[in-house]
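Visitor: Below is one structure. I have some questions about it.
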Amino acid sequence: MPTELDLRILVYGPTSRDSQLTCDMLAARSIACIVCPNVAGMVQEMERGVGGLIMAEEAFIRDDVRPLVNFLHGQPAWSDLPVILITHTGSESPSVSEAVKHLGNVTLLERPTRVNALVTAAQGALRARRRQFQARDLIRARERTARELAESEQRFRILVEQVKDYAIFMMDLEGRVTSWNEGVRRVLGYEEAEFVGLDVARIFTPEDAAESVPAAELAEAASTGAAGNDRWMQRKDGTRFWASGVTTALRDPGGAPIGYTKVMRDLTERMQDEEALKEADRRKDEFLATLAHELRNPLAPLRNSVNILQLSASDDPTVARLCETMERQVAHLVRLVDDLMEVSRITRGKIELRKEPVELAAVLRHAMETSRPLIDAGRIQLAISLPQERIVVNGDPVRLGQVFANLLNNAAKYTNEGGQIWLTARQENKEAVISVRDTGIGIPADVLPKVFEMFMQVDRATNRSQGGLGIGLTLVRSLVELHEGAIVVHSEGPGAGAEFIVRLPVAAEQGETGSVAAVAEQRRSVPSRRILVVDDNVDSAATLGMLLKYLGAEVHVVHDGASALSAVERYRPDIVLLDIGMPEMDGYEVARRIRKHQEFQHITLIALTGWGQEDDRRRTREIGFDHHLVKPADIAALQELLGTME
């Protein structure tokens with residue numbers, strides 16, 4: 001912006017009196033001016049700032065005007081200083097001609113000069129001068145912007161050239177490389193001289209180049225502005241690497257395309273690490289599934305045998321206690337195997353909740369029934385405090401039962417004989433708050449943040465018959481979070497017990513609820529059916545056959561696929577309980593062959609197997625099985641299933 005000095009009129013009249021009168025007249029019109037005694041004084045003031053000049057032609061006669069001419073000729077391109085020259089009437093003197101020739105932007109006013117004419121000329125000169133200053137400021141702004149841009153481009157160019165982990169380069173519209181940086185040498189192996197001018201397709205694999213992937217990438221960038229690129233690329237020496245990058249379209253200020261820029265880096269090592277983790281995770285899942293299958297196979301005859309002993313109704317109290325002990329221990333082994341698979345499914349996102357309105361008190365009572373044998377075995381007192389009002393949550397009753405049964409089991413496991421467990425529930429605002437507190441061994445402060453981690457246990461050195469695998473609390477936290485809830489643990493340290501607090505959102509509608517009684521054990525006979533049991537594990541097949549006979553069924557047992565097909569022909573069963581993992585002919589093939597015959601379509605096929613993952617269940621459905629039970633089958637579930645078949 002111009003200063004006050006920049007908008008002054010410098011006056012040099014024929015006499016000092018004329019100069020002062022002119023200056024007074026302009027000042028009366030709010031025009032700043034200053035009287036100059038001669039040309040030298042005028043040039044001196046011009047160097048400080050000037051908006052225009054008013055001069056008499058006599059100055060060109062009595063003064064040396066060369067300093068003034070030199071100053072005017074040395075003006076910057078934006079400046080064209082207005083000069084008002086006062087001449088004699090009708091004068092065409094050489095001095096006037098000389099002034100017009102050398103002064104440039106000259107306005108001639110003849111004497112006697114009218115006041116309005118002089119004022120108007122001065123005002124016009126200042127308006128023109130202001131526009132010149134505006135042009136100056138605009139030019140300076142543009143120059144500053146251009147300078148800053150050039151400096152920025154220089155810094156960016158230095159940055160790009162020195163970046164070594166990223167290959168950064170530009171291409172023209174045809175995909176020919178036009179720039180290079182140090183990263184190109186490190187990532188792609190090219191020197192600048194051999195890289196610039198190269199067709200970008202050369203860094204793609206031959207397969208991608210043959211399928212026009214490079215051209216498609218440029219087309220996508222031109223269309224959408226940018227194209228992502230995570231794929232195998234090729235270095236100068238022909239070796240391949242996994243690249244992650246992006247190609248961006250470049251446009252001029254008018255929006256016309258002018259080329260592309262590409263940024264990429266080598267992520268081969270990271271990709272290999274991720275693949276290794278995925279492979280390790282896959283192997284872990286396979287191991288857990290195989291482990292569960294191998295553990296379930298021997299558990300099946302054990303559970304069947306315990307159930308047979310219980311159904312035989314012996315009056316000997318010692319036998320009854322032994323049966324209870326065996327059932328409790330077998331159930332614990334089954335729970336450990338199930339927990340292994342549950343955690344695996346949850347961590348892989350393979351579990352689905354069957355949510356419904358559930359009365360919290362019913363879930364807690366069922367959890368207490370499930371945990372009661374373990375609590376009673378430790379002679380532990382269980383105090384229960386449930387609210388009188390109904391609290392309904394929207395959840396999966398089976399999974400919520402698992403949560404609280406696991407918490408009660410955990411409390412019993414770490415509470416010494418004769419200790420105390422408190423189970424309380426209440427509603428706080430829109431949350432149900434459930435607490436499981438015990439007088440157990442407590443949790444050290446450094447262990448508290450880790451108690452929900454898989455395979456984490458407190459006091460591993462303690463000799464406890466119910467030690468477990470350290471996955472129950474991991475399962476609890478995962479299930480609570482799937483219900484949009486939260487769980488925390490508190491403990492004052494070793495010997496001070498522990499408290500687990502679960503918070504679950506209360507259902508918006510406190511209406512009718514589902515029942516958790518469906519998971520309660522039932523000891524009843526089943527309708528008389530002809531059942532074929534097929535299992536290569538002789539003990540498992542024999543004990544299951546005996547159990548079914550105790551329940552009132554007519555049973556035939558075989559141990560391989562060929563015998564199963566023959567028995568179907570001869571025995572004509574209503575139901576086939578079929579193992580999957582048999583040698584020579586597995587259960588899948590047996591089921592396929594049975595389903596091929598129209599006369600056997602009425603047969604109910606039940607897969608009874610140690611494989612229990614969702615993929616296993618899906619496959620049995622696709623093959624033609626009607627139901628899928630996991631070994632060792634729970635007698636209540638088996639009775640309920642068989643009881644529903646007419």
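The values are calculated or read from the model by the stated rules, or taken from the named source; none is laboratory data. The shown structure was predicted, so the numbers you read here are calculated from the model rather than taken from an experiment. Note that we place each Cβ from the backbone using ideal geometry, even for glycine, and neighbour counts take in every protein chain shown. What goes into the accessible areas is simple: the full protein's heavy atoms, side chains included, and nothing from ligands, DNA or RNA. Shrake-Rupley method; radii C 1.70, N 1.55, O 1.52, S 1.80 Å.
Visitor: Contour minus end-to-end for Arg130 and Val100, with contour as 0.36 nm per residue of separation and end-to-end as the Cα-Cα distance?
Guide: Numbers: separation 30, 0.36 × 30 = 10.80 nm, distance 2.25 nm.
Full extension from Arg130 to Val100 adds 8.5 nm.
Visitor: Could you tell me how many degrees, from 0 to 90 and to the nearest 10, lie between the Cα long axis of helix 16-27 and the main elongation axis, the longest principal axis, of the Cα atoms of the chain?
Guide: So the helix axis and the longest Cα principal axis differ by about 30 degrees.
Visitor: Give the distance, in whole Å, between the Cα centre of the stretch 594-637 and the Cα centre of the stretch 472-510.
Guide: The two parts, judged by their Cα centres, are 36 Å apart.
Visitor: Take Ala636 and Glu191, extend 7 Å from each Cα along the Cα→Cβ direction, and tell me the distance between the two endpoints in nm.
Guide: Distance between label points: 8.0 nm.
Visitor: Same structure, new question: Describe numerically, in nm with one decimal, the distance between label points set 7 Å from Cα along Cα→Cβ at Asp24 and at Lys164.
Guide: 8.1
Visitor: Between the stretch 178-250 and the stretch 417-436, how many Å separate their Cα centres?
Guide: So the separation of the two Cα centres works out to 62 Å.
Visitor: Just report the Cα centroid separation between the stretch 546-566 and the stretch 1-34, whole Å.
Guide: With the stretch 546-566 and the stretch 1-34 each reduced to a Cα centre, they are spaced 124 Å.
Visitor: Which loop-located GluC sites (Glu not before Pro) does the stretch 206-257 contain, where loop means any DSSP state but H, G, I, E or B and the Cβ has at most 13 other Cβ atoms within 10 Å?
Guide: Values: sites: Glu207, Glu211, Glu217, Glu220; in loops: Glu211.
Here the GluC sites (Glu not before Pro) that fit, given the DSSP loop and packing criteria, are Glu211.
Visitor: Let me ask another. Give me the net charge of Leu138's neighbourhood, meaning all other residues with Cβ under 12 Å from the Cβ of Leu138; Lys, Arg count +1, Asp, Glu -1. Could the numbers behind the result be given before it?
Guide: Working: positive: Arg131, Arg136, Arg140, Arg142, Arg144; negative: Asp137, Glu143.
Local net charge: +3.
Visitor: When the accessible area of the chain is split by element with a 1.4 Å probe, what percent falls to carbon and sulfur?
Guide: Here it works out to 51 percent.
Visitor: Stretch Ile384-Arg62 to full length: gain in nm at 0.36 nm per residue minus the Cα-Cα span?
Guide: On the way: separation 322, 0.36 × 322 = 115.92 nm, distance 11.95 nm.
Length gained, Ile384 through Arg62: 104.0 nm.
Visitor: Moving on to the next point. Report the FRET efficiency, 1/(1 + (r/R0)^6), for Arg595 and Met271, where r is their Cβ-Cβ distance and R0 is 56 Å, rounded to 0.05.
Guide: 0.80
Visitor: Could you please report the charge total around Asp535, scoring K, R as +1 and D, E as -1 over all other residues with beta-carbon less than 10 angstrom from its beta-carbon? Present the calculation step by step, with values, prior to reporting the outcome.
Guide: Details: positive: Lys631; negative: Asp536, Asp539, Asp560, Asp579.
Local net charge: -3.
Visitor: Per residue, how much accessible surface does the stretch 113-182 expose to a 1.4 Å probe? Answer in Å², no decimals. Numbers along the way, then the final one.
Guide: Numbers: 4620 Å² over 70 residues.
Accessible area per residue: 66 Å².
Visitor: If R₀ is 56 angstrom, what is the calculated FRET efficiency for the pair Ser528 and Arg282, using the beta carbon separation as r and rounding to 0.05? Display every interim value, and only then the final one.
Guide: Values: r = 46 Å, r/R0 = 0.82.
Efficiency for this residue pair is about 0.75.
Visitor: While we're on this one: Per residue, how large is the accessible surface of the stretch 1-100? Use a 1.4 angstrom probe and give square angstrom. Each step should come with its number before you reach the end.
Guide: Numbers: 4950 Å² over 100 residues.
Heavy-atom SASA per residue in the stretch 1-100 reads 49 Å².
Visitor: So what is the accessible area of the stretch 241-293 per residue, in Å², with the probe set to 1.4 Å? Kindly include the intermediate steps, with their values, before the conclusion.
Guide: On the way: 3070 Å² over 53 residues.
Dividing the accessible area of the stretch 241-293 by its residue count gives 58 Å².
Visitor: Does the stretch 531-646 come out rounded, prolate or oblate, given a ≥ b ≥ c as the square roots of the eigenvalues of its C-alpha gyration tensor, rounded meaning a/c under 1.5 and, failing that, prolate meaning a/b above b/c?
Guide: Details: a/c = 1.22, a/b = 1.09, b/c = 1.12.
Verdict is rounded for the stretch 531-646.
Visitor: Could you sort the peptides 602-608, 2-8, 145-151 by per-residue average Cβ neighbour count (10 Å cutoff), highest mean leading? If you can, show how the numbers build up before the last one.
Guide: Details: 602-608: 20.0, 2-8: 14.9, 145-151: 10.0.
Result, highest mean first: 602-608, 2-8, 145-151.
Visitor: Rank-order 439-445, 384-390 by packing density, defined as the average count of other C-beta atoms within 10 Å over each peptide's residues, highest first. Working shown, then result.
Guide: On the way: 439-445: 18.6, 384-390: 11.0.
Final packing ranking: 439-445, 384-390.
Visitor: Still on this structure: Taking 0.36 nm per residue of sequence separation and subtracting the Cα-Cα distance, how much length would be gained by fully extending the chain between Ala486 and Arg570, in nm to one decimal?
Guide: 24.5 nm
Visitor: Using a basic spin-label model with each label point 7 Å from the Cα along Cα→Cβ, how many nm lie between Asn429 and Thr205?
Guide: So the two model labels end up 5.4 nm from each other.
Visitor: Sort the following peptides by mean Cβ neighbour count (other Cβ atoms within 10 Å, averaged over residues), highest first: 273-284, 402-413, 621-632. Could you put the intermediate results ahead of the total?
Guide: Values: 273-284: 10.9, 402-413: 24.6, 621-632: 19.0.
Sorting 273-284, 402-413, 621-632 by mean packing, highest first, produces 402-413, 621-632, 273-284.
Visitor: Rounded to the nearest 5, what % of the DSSP beta bridges within the chain are antiparallel ones? Walk me through the numbers on the way to the answer.
Guide: Details: 53 of 92 bridges.
That works out to approximately 60 percent antiparallel.
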